[in-house]
Every structure is written in structure tokens, then in C-alpha cells.
Amino acid sequence: MTIDMTQSPFPATPHVERLLDLPALLRKKSHLLLGPRQTGKSYLLRHTLKGVKVYNLLESATYLALSQQPGRLAQELTPQDRLVVIDEIQRLPELLNDVHLLIEERGLRFLLTGSSARKLRRRGVNLLGGRARTVHLHPFTARELGGRFDLARAVERGLLPPIYFSDEPQADLRAYAGAYLQEEIVAEGAARNVPAFSRFLKVAALCHGTIVNFTNVANDAQVARTTVYEYFEILKDTLILQELPAWRKSRKRKPLSSSKYYFFDVGVAASLQERVFRRGTPEFGQGFESWLHQELAAYREYVSGEPMSYWRSTSGFEVDFLLGDHTAIEVKAKEHVSPHDLKSLVALAEEQRLKRYLCVSLEARPRTVGRVSLLPWREFLDALWGGVYTS
């Protein structure tokens with residue numbers, strides 16, 4: 001009931017060293033590794049945990065054996081098995097009870113992987129009572145790709161490993177969106193009305209990176225407003241959608257409290273919108289902001305652990321991202337940023353609550369305008385991953 005860890009399902013995808021250091025994490029504690037399909041979880045396992053016993057619950061024989069007799073897990077593990085991987089744990093969440101016992105009684109460490117947290121929470125099963133930490137794997141970052149990173153390519157096709165290096169990225173993105181709808185949503189039984197959910201998904205994609213008006217979404221998707229709330233929760237649980245809460249600590253200007261929502265990958269969002277975010281088009285600005293959100297979300301997961309938010313006042317000022325309570329970031333897909341483009345950052349700076357006010361753009365050189373630092377995107381990323389923007 002083990003699998004061969006030497007064969008890659010994406011042989012055409014070059015090796016990329018990921019920032020998530022699984023061996024280091026697992027030396028300390030068991031972990032639940034979550035991430036949408038094709039973010040590279042299985043590839044990461046093969047290349048960093050060689051020789052480890054793996055139970056792949058996508059394999060029918062493995063799934064049937066453990067679902068009929070969960071106790072086989074304890075029977076098959078030997079004293080030499082100090083670390084064990086269970087792939088796609090959401091397919092058999094009841095197995096967590098046996099995992100719990102093995103951690104307690106034998107001191108084993110587990111890596112449990114999955115592409116959805118929905119079944120784990122919905123069935124109310126034992127979530128190991130703090131004995132395992134949760135970590136998320138994101139699509140590629142610019143830092144991971146190094147010299148192979150290309151901004152136009154990343155914004156056009158996204159950063160899912162097999163699609164970033166694909167010869168037919170748009171066809172692969174369409175297939176990916178369809179597979180996700182079928183395998184992650186419908187197969188779980190999370191949405192029984194498939195045509196309604198399909199309509200909703202396209203409407204939700206058009207809300208990517210915006211404050212969502214749930215009534216309008218319900219009308220456009222031809223479903224009840226209560227159903228729209230349920231569908232948004234499904235997208236969050238299956239890791240397709242990420243919620244960006246509002247920063248509400250401004251005093252001089254009343255802030256909004258509604259969240260914004262971003263799809264986890266810019267290429268997937270564009271494909272669902274039936275668009276391509278090409279440089280030189282009006283859509284590129286949305287794609288550039290979406291890509292930078294991916295970088296910030298990965299940085300938060302892998303490095304800082306700090307909350308991320310956005311700020312918008314009732315009078316219409318808006319700043320794209322805030323890191324903790326110390327750094328504000330406005331994103332402009334422009335080679336020449338004007339003073340008008342900085343008005344929201346200037347308004348937020350008047351609150352005197354944060355340490356830094358940054359505008360990340362396509363400009364070639366850094367400069368300073370009042371309290372605002374304008375940074376080329378490459379220089380910003382070097383500083384971000386270099387630990388410059390901390391509290």
C-alpha cells in the first residue's frame with residue numbers, strides 16, 4: 001500500500017525548489033498540508049521526503065482497504081516508520097482518529113495532504129487536537145522561479161506549476177477549471193445543482209479582487225442569495241477562493257467592513273472570466289494586482305504569519321493591501337505613476353497609524369513622493385522576501 005515516489009505526473013515541468021521546507025517542519029511536529037490541485041504537493045513529497053511510507057487515498061485499493069479496516073494503518077507501520085504520509089486525507093477523514101492514536105501512543109509524525117478542508121470540518125471529525133499544524137502550499141512565487149520568472153507569462157497564465165510551463169496554457173487552464181468543478185465540487189456533493197453552481201462560478205470570477213455585492217451575484221447567477229453565501233463558503237473550503245478582510249482601524253475616515261475575495265491563482269481567475277490578462281490591455285492592471293496578492297499570500301504563509309487586509313473609506317479612498325498594522329501597499333500597473341495615483345495612500349498616511357506607505361508599479365527606478373515610496377515590482381519583492389517589511 002505504498003507508492004513509487006520517483007515518478008512525476010508532470011515530467012515536462014522543470015524542477016523548482018520550493019520555499020516550503022517540509023523536512024524542517026516535520027522534524028518538529030505533524031502537519032496537514034493543504035493546497036489546490038496542481039500546486040505541486042505530490043511533487044514536493046517526492047523530492048523532499050524520499051523513502052517515506054506513503055498512503056495515497058486516490059488509489060482505489062488503498063482507499064478501499066483503509067475505509068473498510070482503518071486499523072490496518074497501525075498494523076502495517078513498523079518501528080522503522082517514524083514519518084508517514086497520507087495523501088488526499090479529505091477522502092477518508094475518519095482515518096484521523098487512528099492517526100491521533102498513533103501520534104499519541106507511538107510518537108509518530110504524519111504529513112497529511114489534501115486539496116479541500118470542507119469534508120474535514122463538515123463531518124466534525126477529530127482534527128488531532130492541536131497535534132498537527134496546518135500549512136498551505138501556494139502556486140509558484142517569483143522567488144522560487146528565480147531567472148525563469150517572467151511577469152507577462154505569470155499574469156497571462158498564472159503560476160500553477162504545470163500550466164506556467166505549458167505549451168498550451170489556455171487550453172490547460174480551461175481543462176483545470178472544468179476538472180476542479182467536477183472533481184472538487186460536484187464529486188464531494190457540495191453543490192447538487194451543477195448548472196446553478198457553474199453559472200455562479202463564472203459570476204464569482206468576475207468579482208475577483210472586488211468587494212462582493214451578494215444580491216447582484218445572486219441575480220446574475222439566477223440563484224437565491226442564501227445559496228450564494230453557501231457557494232462562497234464552498235469555494236473557500238476547497239481553497240479556490242481567499243478572503244481579504246477590511247482593515248478597520250482608521251479614525252479620520254470611516255472604513256468599510258466588507259471583505260474582498262481573490263481566486264487563488266490569477267490564471268484560473270482569468271480563465272473563468274474567459275479573458276487573458278495580457279500586458280498592454282486594460283485587463284492587465286487587474287492581473288498585476290492579482291499576481292501581487294498571490295505573492296503576498298505566499299509570503300504570509302511561508303514567512304510572516306501576519307494578517308493581510310485592505311482599506312477602503314466610505315468616501316472612496318482605497319489601498320490594495322496592508323501587511324499587519326505596519327505596511328500599506330498600493331499596486332499600479334503603470335510605467336509612470338502620477339500624484340493622482342497616490343491619493344489613497346496619502347489619505348491613509350494622514351491617519352498616522354502605519355510605518356510604511358508603498359506603491360508597487362512598473363516604473364524602472366525607485367523614488368519617494370512625500371511619505372510614499374514608489375518601488376519597481378522586482379525591488380519590492382526582493383525587499384519583501386528579504387524581511388524588510390516587518391513590524
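Structure summary
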| item | result |
| --- | --- |
| Selection within the stretch 147-162 - outside any helix (DSSP H, G or I) and in contact with a Ser or Thr (Cβ under 7 Å, 6 or more places away or on another chain) | Leu160 |
| Every residue from the stretch 304-340 that is within 27 Å of Ala364 (Cβ to Cβ), of a type outside the set (D, E, K, R) and open to solvent by 50 Å² or more (accessible area, probe 1.4 Å) | His336, Pro339, His340 |
| Failed item, numbered, when Arg122 is tested on (1) over 19 Å from the mean Cα position of the chain (by Cα); (2) modelled with pLDDT of 90 or more | (2) |
| Subset of the stretch 219-249 [open to solvent by 50 Å² or more (accessible area, probe 1.4 Å) and touching a Pro at 6+ places or on another chain (Cβ under 7 Å)] | Arg248 |
| Index of the failed condition, Arg300 passing every other in (1) surrounded by fewer than 17 Cβ atoms within 10 Å (Cβ to Cβ); (2) free of Cβ contacts under 8 Å to residues at least 24 places away in the same chain | (1) |
| Qualifying positions in the stretch 9-23 - open to solvent by 30 Å² or more (accessible area, probe 1.4 Å) and not in a loop (DSSP other than H, G, I, E, B) | Pro23 |
| Flag for Glu183 being open to solvent by 20 Å² or more (accessible area, probe 1.4 Å), outside any helix (DSSP H, G or I) and either of a type in the set (A, V, I, L, M) or modelled with pLDDT under 85 (or both) | no |
| Qualifying residue in the stretch 349-364 (condition: surrounded by fewer than 19 Cβ atoms within 10 Å (Cβ to Cβ) and in a strand (DSSP E or B)) | yes |
| In the stretch 275-285, residue most open to solvent (accessible area, probe 1.4 Å) [restricted to those that are without any contact (Cβ under 8 Å) to a residue 60 or more places away in the chain, part of a loop (DSSP other than H, G, I, E, B) and not hydroxyl-bearing (Ser, Thr, Tyr)] | Pro282 |
| Those residues of the stretch 276-295 which are of a type in the set (S, T, N, Q) and within 20 Å of Thr39 (Cα to Cα), in sequence order | Ser290, Gln294 |
| Residue that is nearest to Thr48 (Cα to Cα) [pool: residues in the stretch 78-91 that are surrounded by fewer than 20 Cβ atoms within 10 Å (Cβ to Cβ) and not hydroxyl-bearing (Ser, Thr, Tyr)] | Leu83 |
| For Gln38: the one exception among (1) open to solvent by 50 Å² or more (accessible area, probe 1.4 Å); (2) over 23 Å from His100 (Cβ atoms); (3) out of contact with any helix residue (DSSP H, G or I) (no Cβ under 7 Å at 6 or more places or on another chain) | (3) |
| Test: residue in the stretch 286-309 that is in a strand (DSSP E or B), under 16 Å from Arg248 (Cα atoms) and within 21 Å of the chain's Cα centre (by Cα) | yes |
| Residue selected from the stretch 186-207 under the condition open to solvent by 20 Å² or more (accessible area, probe 1.4 Å) and small (Gly, Ala, Ser), by the criterion modelled with the highest pLDDT | Ser198 |
| Any chance Gly158 is open to solvent by less than 40 Å² (accessible area, probe 1.4 Å), at pLDDT 95 or above, under 19 Å from the mean Cα position of the chain (by Cα) and not charged (D, E, K, R) | yes |
| Breaking point among (1) crowded, with 18+ Cβ neighbours inside 10 Å; (2) among the basic types (Lys, Arg); (3) over 22 Å from the mean Cα position of the chain (by Cα), for Arg131 | (1) |
| Any hit, the stretch 102-112, residues being aliphatic (A, V, I, L, M), farther than 24 Å from Gly40 by Cα and open to solvent by 30 Å² or more (accessible area, probe 1.4 Å) | no |
| Test: residue in the stretch 259-270 that is open to solvent by 10 Å² or more (accessible area, probe 1.4 Å), outside any loop (DSSP other than H, G, I, E, B), in contact with a strand residue (DSSP E or B) (Cβ under 9 Å, 6 or more places away or on another chain) and not hydroxyl-bearing (Ser, Thr, Tyr) | no |
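The values are calculated or read from the model by the stated rules, or taken from the named source; none is laboratory data. Remember, predicted model here, so these are calculated numbers, not experimental data. Please note: Cβ atoms are built from the backbone with ideal geometry, for glycine as well, and neighbour counts cover all protein chains shown. When the accessible area is computed, the model is the full protein with side chains, heavy atoms only, and any ligands, DNA or RNA have been set aside. Shrake-Rupley method; radii C 1.70, N 1.55, O 1.52, S 1.80 Å.
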